[in-house]
1. Please state which one of 220, 195 is open to solvent by less than 80 Å² (accessible area, probe 1.4 Å), touching a Gly at 6+ places or on another chain (Cβ under 8 Å) and small (Gly, Ala, Ser).
2. Using the structure shown, decide if residue 134 is open to solvent by less than 50 Å² (accessible area, probe 1.4 Å), modelled with pLDDT of 90 or more, over 24 Å from residue 267 (Cα atoms) and not aromatic (Phe, Trp, Tyr).
3. Between a residue in region 122-143 that is in contact (Cβ under 8 Å) with a residue 40 or more places away in the chain and any residue that is part of a loop (DSSP other than H, G, I, E, B) and surrounded by 16 or more Cβ atoms within 10 Å (Cβ to Cβ), which pairs come within a Cβ distance under 7 Å, given they are 6 or more apart or on different chains?
4. Can you tell which of 102, 98, 8 is open to solvent by 50 Å² or more (accessible area, probe 1.4 Å), more than 26 Å from residue 304 (Cα to Cα) and either assigned to a helix (DSSP H, G or I) or touching a residue at least 24 places away in the same chain (Cβ under 8 Å) (or both)?
5. Tell me which of these residue 119 doesn't satisfy, since it passes every other one: (1) β-branched (Val, Ile, Thr); (2) buried (at least 22 other Cβ atoms within 10 Å of the Cβ); (3) closer than 23 Å to residue 242 by Cα.
6. Inspect region 224-234 for any residue being among the aromatic types (Phe, Trp, Tyr), open to solvent by 20 Å² or more (accessible area, probe 1.4 Å), in a helix (DSSP H, G or I) and out of contact with any Asp or Glu (no Cβ under 6 Å at 6 or more places or on another chain) and give the result as yes or no.
7. Quick one: in region 30-56, of everything that is small (Gly, Ala, Ser) and out of contact with any helix residue (DSSP H, G or I) (no Cβ under 7 Å at 6 or more places or on another chain), which residue is surrounded by the fewest Cβ atoms within 10 Å (Cβ to Cβ)?
8. Within region 238-256, is there a residue that is more than 15 Å from the chain's Cα centre (by Cα), assigned by the TED database to the domain that holds residue 195 and touching a residue at least 24 places away in the same chain (Cβ under 8 Å)?
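The values are calculated or read from the model by the stated rules, or taken from the named source; none is laboratory data. Everything numeric here is computed off the predicted structure, so don't read it as measured data. Note that each Cβ is placed from the backbone with ideal geometry, even for glycine, and that neighbours are counted across all protein chains shown. Calculation scope for accessible area: heavy atoms of the full protein, side chains included, ligands and nucleic acids excluded. Shrake-Rupley method; radii C 1.70, N 1.55, O 1.52, S 1.80 Å.
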Amino acid sequence: MLAMSTLNFETECREIHGSWGQLNRLARALANRTRHERQQIRETYKSIYGDALVNRLKEAAAAGISPKLCAALSMWMTEQHERDAVVVREALDDQKGNTNYNALVEIFVGRKSSHILLIKQAYYRRFWRQLDQDIINIEPPNPYQKILVALVASHKAHHADVSQHIAKVDARRLYETGEGGSGPIEEAVVLEILSKRSIPQLKLTFSCYKHIYGHEYTESLKTRNYGELENAMKMVVQCIYNPPDYFATMLYASMKGCISDEGAVRRVMVSRAEVDIDEIKREFKKKHGMELRDAICDNIPSGDYREFLVALTVSKSNESV
């Protein structure tokens, strides 16, 4: 069985190698492959041709051959922690001079602590830089940067188990330092909670907040003019508390040109295809009244790149991140 499996991958790799002039064939062949199968294809391709498949895709993109499709396929065919390391570096070193906080929050909220460690190691191997220090050094300091520093710290300090008691205590602290207080929000308290609690614990805290006070924590931020802190916390809380809602919103906003995050559609579709794409599709239809695949077809120009994105919407392999 192993020999037959290897033979099948060798045959597919030879077909891939011969399809550089027909990238639509390549996209169709790879779109529905599982993470394990893509790993086997990467390893088999390199053993046959002596070069990484991802490198060939990057070369094709640099030559102007379907650059969007090649970029998406390159992400799809890269090991997840390696891909995340590249996404983080690009987010920190945006060509327009802006830090892409959405991409950074998605990773530090959506990945397990063990995976964050792999990202940091891959980041250092690729770029000879310390990820934690690069986030600390974001200039100028602002609520988004401070929240990211707290989230990075949370992956070092938290306990695995969640506690209903701690969630209720933290919810009460958030209330007292926000809408329940008379002065401005105590940013230090919010950052302390974010830095000392795991993502599952924070999710339970925000759930308790809604149960106790009758509305989302982010609603309380709207009662006063907190400016950038409100926007930053709203993004982070939505990503923690209801990821499918967050990603449905991101996809729609990006496709409609409402945000400057040009790579959001590609990033979200590739990163969530094997995680919660079915939940995102349901949330997308509920929020926007149309199927995600129809929105892609209506807003992305016709071509191989669009067909690849549509193919990712039907992925059924849910794997933990």
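1. It is 220.
2. Values: open to solvent by less than 50 Å² (accessible area, probe 1.4 Å): yes; modelled with pLDDT of 90 or more: yes; over 24 Å from residue 267 (Cα atoms): no; not aromatic (Phe, Trp, Tyr): yes.
It is false that residue 134 is open to solvent by less than 50 Å² (accessible area, probe 1.4 Å), modelled with pLDDT of 90 or more, over 24 Å from residue 267 (Cα atoms) and not aromatic (Phe, Trp, Tyr).
3. Between residues of region 122-143 that are in contact (Cβ under 8 Å) with a residue 40 or more places away in the chain and residues that are part of a loop (DSSP other than H, G, I, E, B) and surrounded by 16 or more Cβ atoms within 10 Å (Cβ to Cβ), the close pairs are 138/99.
4. Values: 102 fails: open to solvent by 50 Å² or more (accessible area, probe 1.4 Å); 8 fails: more than 26 Å from residue 304 (Cα to Cα).
On inspection, the qualifying residue turns out to be 98.
5. (3)
6. Going through region 224-234, the residues among the aromatic types (Phe, Trp, Tyr) turn out to be 226.
If we keep only those that are open to solvent by 20 Å² or more (accessible area, probe 1.4 Å) too, we end up with 226.
Remaining after also requiring in a helix (DSSP H, G or I): none.
No, region 224-234 has no match at all.
7. Across region 30-56, the extreme among qualifying residues is 50.
8. For region 238-256, residues more than 15 Å from the chain's Cα centre (by Cα), assigned by the TED database to the domain that holds residue 195 and touching a residue at least 24 places away in the same chain (Cβ under 8 Å): absent.
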